[in-house]
Amino acid sequence: MEKGRRNRDGNIFIDQDPENFLLLVNYLRLRMNNQSRKVPEKHLPKPTYSLCYMLEYYGLMPAVYQQTWIGCCNRLVCKEFTCEEKSYGTYE
């Protein structure tokens, strides 16, 4: 089945590792129950390859692991950008 498809009983079918999906559900519960909507870093799930792959598939990587873009600009010309991600490290 494709993403978002339903089975014959009308249930949504999610073909993901149950352990990784449970990490995502628990993270979303923490975020939902926190007034500031920020989860303390110590409660973030460990960014394994399979978890990050699933988050990328659903477009949730930036929502779970914050990214910081740092630009080095001289007036209106930007020469380089660096993205620091908690999960992958630093990319230029």
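Some observations on this one:
- Count - residues of the range 25-46 that are open to solvent by less than 100 Å² (accessible area, probe 1.4 Å) and more than 13 Å from Ala63 (Cβ to Cβ): 6
- Scanning the range 20-47 for residues that are farther than 13 Å from Gln66 by Cβ and touching a residue at least 24 places away in the same chain (Cβ under 8 Å) yields a count of 4.
- Test result for Tyr49, among the aromatic types (Phe, Trp, Tyr), loosely packed, with under 12 Cβ neighbours inside 10 Å and modelled with pLDDT of 85 or more: yes
- Selection from the range 5-14 of residues that are surrounded by fewer than 10 Cβ atoms within 10 Å (Cβ to Cβ) and of a type outside the set (Lys, Arg): Asn7, Asp9, Gly10, Asn11
- Of all residues in the range 14-24, those that are part of a helix (DSSP H, G or I) and either over 18 Å from Pro62 (Cβ atoms) or not polar (S, T, N, Q) (or both) total 6.
The values are calculated or read from the model by the stated rules, or taken from the named source; none is laboratory data. Keep in mind that what you see is a predicted model, and the values were worked out from it rather than measured. Heads up, the Cβs are rebuilt from the backbone with ideal geometry, glycines too, and the neighbour counts pull from every protein chain shown. Accessible surface is based on the protein model in full, side chains and every heavy atom, while ligands, DNA and RNA are left aside. Shrake-Rupley method; radii C 1.70, N 1.55, O 1.52, S 1.80 Å.
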